[in-house]
Amino acid sequence: MKFSPKNRYLLVQTQKQEDADTGVLLPEGYALRKDKYVTATVLDTATDCKDVIAHGTQVVVDASMLEEVSVSGQTFEIVLENYVVGLLQ
């Protein structure tokens, strides 16, 4: 299945960060602080995006603004174009 983003969204793929085992017991449901920004690879862009970002470009995005869309057993990561804070070259 092909997912085509719309409404200024970018389809991206992030590198999953593995949780390090610290050896310290934490309360159930406690989440360790993650990085505020993550790098992602742009897979596709909506046609109405203001900036042209080539497919395969490495971008830095606000991690809290990443969204996961699950459809028919597949999961896609999307982010609005205004949450891209920079490009990596």
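The values are calculated or read from the model by the stated rules, or taken from the named source; none is laboratory data. Only a predicted model underlies this, so the values are computations on that prediction, with no experimental measurement involved. Every residue, glycine among them, receives a Cβ derived from its backbone with ideal geometry; neighbour counts consider all protein chains shown. For accessibility, only protein heavy atoms count, side chains too; no ligands or nucleic acids. Shrake-Rupley method; radii C 1.70, N 1.55, O 1.52, S 1.80 Å.
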Legend entry - Candidates V61, V42 - the one that is farther than 18 Å from S4 by Cβ, at pLDDT 95 or above, open to solvent by less than 60 Å² (accessible area, probe 1.4 Å) and under 11 Å from the mean Cα position of the chain (by Cα): V61
Legend entry - Residues of segment 49-89 satisfying the condition of being part of a strand (DSSP E or B) and either in contact (Cβ under 8 Å) with a residue 60 or more places away in the chain or among the polar types (S, T, N, Q) (or both): Q58, V69, S70, V71, Q74, T75, F76, E77, I78, V79, L80, V84
Inset, instruction - Inspect all residues belonging to segment 24-31 and state whether any of them is assigned to a strand (DSSP E or B) and at pLDDT below 95. - result: no
Inset, instruction - Filter segment 35-48 for residues that are of a type outside the set (A, V, I, L, M, F, W, C) and not in a strand (DSSP E or B) and give the result. - result: D35, K36, T47, D48
